[in-house]
1. Take Glu55 and decide whether it is in contact with a strand residue (DSSP E or B) (Cβ under 9 Å, 6 or more places away or on another chain), modelled with pLDDT of 90 or more and either under 29 Å from Thr117 (Cα atoms) or assigned to a helix (DSSP H, G or I) (or both).
2. Take the range 79-94 and flag every residue that is under 11 Å from Ile152 (Cα atoms) and part of a helix (DSSP H, G or I).
3. Just checking, how many residues over the range 174-193 are exposed (fewer than 14 other Cβ atoms within 10 Å of the Cβ) and either under 15 Å from Leu27 (Cβ atoms) or of a type outside the set (Val, Ile, Thr) (or both)?
4. Considering only residues that are in contact (Cβ under 8 Å) with a residue 40 or more places away in the chain and in a helix (DSSP H, G or I), look in the range 317-327 and name the one that is surrounded by the fewest Cβ atoms within 10 Å (Cβ to Cβ).
5. So, Gly443, is that one modelled with pLDDT of 90 or more, under 43 Å from the mean Cα position of the chain (by Cα) and within 8 Å of the ligand (Cβ to nearest atom) or not?
6. Output the residues belonging to the range 342-361 that are of a type in the set (A, V, I, L, M) and either touching a Phe, Trp or Tyr at 6+ places or on another chain (Cβ under 7 Å) or within 29 Å of Thr400 (Cβ to Cβ) (or both).
7. Can you tell me how many residues in the range 99-125 are more than 11 Å from Gln151 (Cβ to Cβ) and modelled with pLDDT under 80?
8. I need the full set of residues from the range 199-244 which are outside any helix (DSSP H, G or I) and among the polar types (S, T, N, Q), in order please.
Amino acid sequence: MFLKKRAGILKTVTFRLSVWYALLFSLSAAGFFFIISFTLTKSLDDHMNTTLIEEITEVRGIFNAHGIAAFQEDIVREAESIGTHRSFLRMVDSDNKTLASSDMSYWQEIHPLGKRTLGLNETVAETFAVPGSDNRVRVVSQGIGAGWVIQIGSSLEDNDELIDAYHRISAAAFASMLVCGGILGWFMAKRAMSGVERVTVTAAGIGKDDLVSRVPVGGEGEEIDNLVRAFNDMLSRIQDVVNELKEVTNNIAHDLRSPITRIRGISETTMTGEQDIDSYQEMAGIVVEECDRLVGMINVMLEIAMTEASIPGARREEVDMVDLLKNAHEIFLTIAEDKGVSLGIRTGLEHFMIRGDLPQLQRMISNLLDNAIKFTPRGGEVIISLENNEDQVVISVRDTGIGIPEQEQQKIFDKFYRCDQNRSKPGNGLGLSHVRAIVRAHGGNITIKSSPDKGSVFMVTIPCG
Ligand code: ADP
């Protein structure tokens, strides 16, 4: 259980970010320490070289002025004043034979030049390990002519101690930076991820009955705030879809219940009492009618689903919209006349071609005309018109009917929605959702303007191509 939890922590973004922080922190620190160490070593070496060369210049002056005996006396004094374990001075000839030197008992195994000789004023600086100790010595050799060389060596013990101390401090600082970087990284990552955690907690808390909860925008940074907003938007959209589904399911249940109840009632009557043959035929007729209604409704639902799922542009042919409207006008003229509604058509054009699905476009105009005539009282007027707007066709179906209350104007495109005032009229509430699905499948748009008692205008815009 504990191991599982630990493995879980290792996989978290917070842990990985902390490790990255710690690594970055310490790597930058290591780079910094390395540069300082390099610079420090180099400047100590340079300083040592300069000091030793100055020293050679001084003793060389004594040799030049007073000869080898004065030179010997001076270098012995010089080495003793510094410490014979800390420095030495020596003069050798071209065979590397010692001509004068300070106490060399500690340094005797160090022969910097070996068989080499140096030209006049030629200077060489080298570092050697002191045999039998951990110390190192810096030796500067300078040719003074005729193959003779003055050598001066100085122990690097102090410098090495300084550099060692620096390395120890750096290592301690590096270790604490690794730990601090990890801790700091953990807190920073924890804070950065707190918004994500809030989203997770809210998402986990959302059950099927709670779609109203939203994650508060916490100001943890633009990215997290955007994530929270996107998550909340997604929740709102899911909530809308679920609500719509609930509404559609309720409507389907309601619309299916009435014909089924009627069929069931009739079936019961035929089972319970003797009826004459005419009554049986009448009842059978009603059952067939209700069954047709049910099948019709299911077919329309399937058609809508197929239109909504269809690939835009599929099954397209050249359709003359003026022709299509004129045909529809002709077909609906009798129905309108029977109802005492005048049906007119206005198109200033002879032809207007678009690419579309003919049966679907016919279904679209039929549904709009059917509604316009159905919801316009006797004496009213319905006008179909077609206009050309750049590369779009604009078809309007205008009526002087009962209109649609503002609060219901967007709902009428939902499946099974019927305005409260018209529930007694024939219909199943699928006509306009079918129209909208067809218009959208053609890449177009449908809008409505309506005011109660003045009538409605449905305006469909479809691109030509
Ligand atoms: P229905 O089969 O009920 O006509 P629709 O989807 O075609 O279904 O229309 C949905 C509802 O919109 C109708 O029930 C009606 O209340 C309202 N409606 C549609 N067209 C008009 C119109 N031209 N005038 C007034 N109300 C309309």
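The values are calculated or read from the model by the stated rules, or taken from the named source; none is laboratory data. Every value quoted in this text rests on a predicted model; they were computed, and no experiment measured them. No Cβ is skipped: glycine too gets one built from the backbone with ideal geometry, and neighbour counts run over all protein chains shown.
1. So Glu55 fits the description; yes.
2. Within the range 79-94, Ala79 is the sole residue that qualifies.
3. 5
4. Taking the candidates together, the pick is Val322.
5. When the stated conditions are applied, Gly443 does not pass them.
6. Leu343, Ile345, Leu349, Ile354, Leu361
7. Residues that pass the stated criteria total 5.
8. Ser213
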